[in-house]
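Note sheet for the following structure.
The values are calculated or read from the model by the stated rules, or taken from the named source; none is laboratory data. No experiment lies behind these values; they were computed from the predicted model shown. Note: ideal-geometry Cβ built from the backbone for every residue, glycine included; neighbour counts use all protein chains shown.
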Amino acid sequence: MTSTTDSDFLLKVENVSLYFELQYYHQKNFRDVFVQAMTNPIDYFWKNRELLYVLDKINFELKRNMRLGIVGVNGSGKTSLCRCLAGMMMPQKGQIISNAQIRAIFDTGSGIMPELTGRENAYLLARLFFPEVKDLSSIVEEALTFSELGHFVDIPFNKYSKGMQARLMLTLISAKTSDVLILDEVFDGADVFFQQKLAKRMKTFIANAGATIFVSHSAEQVKDVCTHVMVLDKGKIRYFGEVDQGLTIYNSLYSN
């Protein structure tokens, strides 16, 4: 990922492709393997290999104040794209130009030390999320209060239910805004009552962020949060634009 001082955009994705190499195994006897390897070694080592494109020639710009929803079925490339944008994966082709501080969350259990308490994990995560902040006390304590975990903040994290884990993680990451916020299906797990409380906090948080990338299978969440939609299908962008039309196209792709 490269950076630029151009203020017209926060992220620019240019012709990005990400693929994995697959190798198929066909059982052969020793004689066949030896003969093929000796007579045509290049063909022997490469003919059973195939490139699986997870992302295929992706191009788009994320501009300031944009709230981009990414929709697609499992395996369409949503998380892989977000991981490339966050700098966690490097595409083999193309480039991602960044003009922003990027904060991403993919899993409510990422970065956690299960044997430590919720409070101890909160401080560790805050250091991970907000490395630019010297004194994290006010951020962490406000988040712990908002999470309503009560005395559970001082018991080991491995005793938490999935909903409690989601409460701690989502409350903490929404404690301070950033230039670009990437949220990859992170609302799953929190109970419905806390989701309602968290929704108000997240709306304010998202509104104050420079731009947001929001991955969700929930059409209602996408409509509520996003200004634009990207429809990913088999690693390709099938649509990029207005929310309602994007969701209509998404449903039409998989309605049959």
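For segment 217-227, the count of residues that are part of a loop (DSSP other than H, G, I, E, B), among the small types (Gly, Ala, Ser), surrounded by fewer than 20 Cβ atoms within 10 Å (Cβ to Cβ) and under 16 Å from the mean Cα position of the chain (by Cα) is at least one. The residue of segment 121-147 that is modelled with the highest pLDDT, among those that are in contact with a helix residue (DSSP H, G or I) (Cβ under 7 Å, 6 or more places away or on another chain), in a loop (DSSP other than H, G, I, E, B) and not aromatic (Phe, Trp, Tyr), is LEU136.
Inspect all residues belonging to segment 84-95 and state whether any of them is exposed (fewer than 15 other Cβ atoms within 10 Å of the Cβ), modelled with pLDDT of 90 or more and not in a strand (DSSP E or B). For segment 84-95, residues exposed (fewer than 15 other Cβ atoms within 10 Å of the Cβ), modelled with pLDDT of 90 or more and not in a strand (DSSP E or B): present.
Quick one: what pairs do we get from segment 113-127, first residue among the polar types (S, T, N, Q), second exposed (fewer than 15 other Cβ atoms within 10 Å of the Cβ) and part of a helix (DSSP H, G or I), C-beta under 8 Å, 6+ apart or different chains? What qualifies is THR117/ASP154. Does segment 238-250 contain at least one residue that is at pLDDT 80 or above and closer than 21 Å to GLY163 by Cα? For segment 238-250, residues at pLDDT 80 or above and closer than 21 Å to GLY163 by Cα: absent. Scanning segment 217-244 for residues being under 26 Å from SER17 (Cβ atoms) and in contact with a strand residue (DSSP E or B) (Cβ under 7 Å, 6 or more places away or on another chain) gives a total of 14.
Looking only at segment 98-120, filter to residues that are modelled with pLDDT of 85 or more and of a type outside the set (A, V, I, L, M); which one of those is nearest to LYS78 (Cα to Cα)? Result: SER98.
Taken residue by residue, segment 167-178 has at least one member that is within 30 Å of ASP8 (Cβ to Cβ), surrounded by fewer than 18 Cβ atoms within 10 Å (Cβ to Cβ) and among the hydroxyl-bearing types (Ser, Thr, Tyr). Of the residues making up segment 147-185, just one is in contact with a Ser or Thr (Cβ under 8 Å, 6 or more places away or on another chain), acidic (Asp, Glu) and farther than 28 Å from MET66 by Cα, namely ASP154. Answer with yes or no whether ILE58 is outside any loop (DSSP other than H, G, I, E, B), surrounded by 22 or more Cβ atoms within 10 Å (Cβ to Cβ) and more than 13 Å from the chain's Cα centre (by Cα). Spelling it out, ILE58 is indeed outside any loop (DSSP other than H, G, I, E, B), surrounded by 22 or more Cβ atoms within 10 Å (Cβ to Cβ) and more than 13 Å from the chain's Cα centre (by Cα). Being hydroxyl-bearing (Ser, Thr, Tyr), part of a strand (DSSP E or B) and either under 15 Å from SER76 (Cα atoms) or over 17 Å from the mean Cα position of the chain (by Cα) (or both): is that true of TYR239 here? Yes.
Within segment 202-256, track down each residue that is closer than 12 Å to GLY69 by Cα and of a type in the set (A, V, I, L, M). Result: ALA211, ILE213, VAL215, ALA219, VAL222, VAL225, VAL229, MET230, VAL231, LEU232, VAL243, LEU247. So for segment 97-112 (the condition being surrounded by 13 or more Cβ atoms within 10 Å (Cβ to Cβ), of a type in the set (Asp, Glu) and more than 23 Å from the chain's Cα centre (by Cα)), does at least one residue qualify? No, because not a single residue in segment 97-112 is surrounded by 13 or more Cβ atoms within 10 Å (Cβ to Cβ), of a type in the set (Asp, Glu) and more than 23 Å from the chain's Cα centre (by Cα).
Select from segment 217-236 the residues that are within 24 Å of PHE9 (Cβ to Cβ) and at pLDDT below 85 and list them in ascending order.
Keep residues of segment 217-236 that are within 24 Å of PHE9 (Cβ to Cβ), which gives 222, 225-232, 235-236.
Of everything in segment 217-236, just one residue is within 24 Å of PHE9 (Cβ to Cβ) and at pLDDT below 85, namely VAL225.
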